[in-house]
Amino acid sequence: MGYQVLARKWRPKHFADVVGQEHVLRALINALDSQRLHHTYLFTGTRGVGKTTLGRILAKSLNCETGVSSKPCGQCSSCMEIDQGRFVDLLEVDAASRTKVEDTRELLDNVQYAPTRGRYKVYLIDEVHMLSNHSFNALLKTLEEPPPHVKFILATTDPQKLPVTILSRCLQFSLQCIPLDQIVSHLQFVLEQEQIQFELDALRLVARAAQGSMRDALSLLDQAIAHSNSNVQADAVRSMLGYMDSRALYGVLNALASQDGKRLLDEIEHLAQSGVDFQAALSELLSILHQIALLQVVPDSKQMAEAAVSELAQIISAEDVQLFYQIGLQGQRDIVLAPDLRVGFEMIVLRMLAFRPKITNQAKTQSVPAAKASPVHKEKMAMAPTPSVQAPVSAPVQAAPVAPAPAPANQVNHEANLYVSENPEPVFSQAAKPLPDSASAWAEALAILPLSGMVRQLAMNSAFQGLRNQAIQLQVASSHRNLVSKNFIQRLAQTLSQYYCVDVKVDIAVTESIEQETPAIKQSREKQAQLQSAIETVNADPNVKTMQELFGAAVDPRSVQVETND
């Protein structure tokens, strides 16, 4: 006998062999074991998830010579003939090639006759959505009241095209895409049974390319075995699928993290010399950023990522990861408009290098020693008008911060931009300040501290509980548990220590509910009060009252906005 492809050789013959689809299997097994059989079953789902396979196993369960059961014997003549595709009472119909109403009528002419061999005559109609409207009309009455010896099993990848009159006569089961880890486990089992060497990373690549289809995964595995000469290696599979090695992009991300423009261009040159598709490289870069973001939010998922990705998650801030991802996502749309793909890729990563999250104005107005001021800060201070009162150059730094004078009217206000091209470290006065000892002092500190992103969300949703031995005690509701991570707490404590010039610790307790008002709740309450006051002011306006009296007008509260100074 010739070679049989893996997709056919390893096609499940029992419900226990089916990978995934537990919700469908449970319903079918319970129905068969309790003899609660419907006359028409409809299986929907994308290609290769088991629709036809489940139909054949169901036909085998109905016609097994040992009786109707969810565990057909597989040894009797009926089971064996169904497995071999030659059981006379299992009629498999390809609706895509028999769309005419004449074909459907010819098929239904034999419904009234009793089965030849089995207990039931089973009609398995694949891609049923391809039938014409007249064919569906011909099926309606038979599907609603078929003879007791007939069962219909319909399968389709596009259930939206089925008339509701057909859907209402069926038990519908929606088959889902098979999860990647289940595909990998099954491919591993198949290769172990076939005694073929493999790398687990190669199977992950195959499963990823299959996109939830087990049949596609087994077909690709057949191709990978032939491509690698029965030794399935990750590099061979990557070459076969046209994927690039994600490790080649770790250098790009390291250069971005270290703000090294020369190294970044060198890494891109290395990618170009290796002949990568820069459009695929951008997609892979987004995939790595996604893995980094997951690691930063859920540190427990480290075992799912490579060591290099875990290291990148430690050196790239969460804000930068989100910014890089957003720039890359928009770059996917623009890269095809570039003179060539390399130029487009270079401009996208240079944009990641040039732009940083906006620094709050409070951080910029803090005075710093001249030796520690960044070049950008020095330039801005030089451009500003000289204050009327100045301390001598050799004078010590004052305890109170000195705010710079307002910029001239004709000077460009770069601080108004969402992103700036430089990212100086937050700088503060070196004089010690008292730590917050109350909820109001905590809220005032948050208005000054240069916090952003998830760290600011954590601080804003934390209720102040007290101060103990330079440790700020905070409380977070369980609804914001996802904000409480070791990384965010460390960054909050670091910013507080820099601002107060002492070693500050942050202790956060998670509780079901907190009685004290958090800064976020307070801010929301104040904004709501301002909005309500604005609505009342608009309603009290004489012109508005005149409009209401003359035309029956009404003020839409959603159209009222409160101007803020943020």
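Readers should treat all values here as calculations from the given coordinates under stated rules, not as data from a laboratory. All values derive from a computational prediction rather than experimental measurement. Backbone-built Cβ (ideal geometry, glycine too); neighbour counts: all protein chains shown.
In whole percents, the pair-distance distribution calculated for the stretch 246-354 from its alpha-carbon pairs, binned every 5 Å from zero, is 2, 13, 25, 25, 20, 10, 4, 1, 0. The gain in end-to-end length when the Val560 to Val164 segment is fully stretched comes to 138.0 nm, 0.36 nm per residue minus the alpha carbon separation. Sequentially through the stretch 58-72, phi angles give Karplus couplings (6.51, -1.76, 1.60; θ = phi - 60°) of 5, 4, 5, 5, 6, 10, 4, 5, 7, x, 5, 7, 7, 10, x Hz, Gly and Pro residues having no value and appearing as x.
Given their separation in residues at 0.36 nm each and the Cα-Cα distance between them, Leu265 and Glu444 gain 60.1 nm when the chain is fully extended.
Restricting to the stretch 461-554, compute how many DSSP beta bridges are antiparallel as a %, nearest 5. Write out the running numbers ahead of the final one.
On the way: 6 of 13 bridges.
Counting DSSP beta bridges with both partners in the stretch 461-554, the antiparallel share is about 45 percent.
Among the chymotrypsin sites (Phe, Trp or Tyr not before Pro) in the stretch 1-106, those placed in a DSSP loop whose Cβ has at most 10 other Cβ atoms within 10 Å are Tyr3.
Put one equal scatterer on each alpha carbon of the stretch 426-566, apply the Debye formula with no solvent term, and list log10 I(q)/I(0) at q = 0.11, 0.20, 0.21, 0.22 1/Å to two decimals. One equal scatterer on each Cα of the stretch 426-566 leads to -0.53, -1.17, -1.26, -1.35.
Each Lys or Arg adds one and each Asp or Glu subtracts one; over the other residues with Cβ under 13 Å from the Cβ of Ser239, this totals -2. Packing here is the average count of other Cβ atoms within 10 Å per residue, and on that basis the peptides 136-142, 125-131, highest first, run 125-131, 136-142. Anything over 20 Å Cα to Cα? Flag those among Lys51/Lys151; Lys13/Lys161; Lys13/Lys60; Lys71/Lys141, in the order listed. Among Lys51/Lys151; Lys13/Lys161; Lys13/Lys60; Lys71/Lys141, the Cα-Cα distance tops 20 Å for Lys13/Lys161; Lys71/Lys141. Couplings for the stretch 257-265, taken from phi via the Karplus curve 6.51 cos²θ - 1.76 cosθ + 1.60 with θ = phi - 60°, read 5, 8, 6, 9, x, 5, 5, 4, 5 Hz in order; Gly and Pro are left as x. Subtracting the Cα-Cα distance of Leu241 and Asn229 from 0.36 nm times their residue separation leaves 2.7 nm of extension gain.
Using Cβ counts within 10 Å as a stand-in for footprinting exposure, how do Glu284, Glu444 rank, fewest first?
On the way: Glu284 18, Glu444 13.
So the residues, fewest neighbours to most, are Glu444, Glu284.
For the stretch 440-462, the residues whose backbone nitrogen is under 20 Å from a point 7 Å from the Cα of Ser533, taken along Cα to Cβ, are 440, 443-444, 447. How would you classify the stretch 82-238 from its alpha-carbon gyration tensor, with a ≥ b ≥ c the square roots of the eigenvalues: rounded for a/c under 1.5, else prolate if a/b is greater than b/c, otherwise oblate? Since a/c reaches 1.5 and a/b is larger than b/c, the shape of the stretch 82-238 is classed as prolate.
With N the number of residues in the stretch 68-155, Rg(Cα) / (2.2 N^0.38 Å) evaluates to 1.14.
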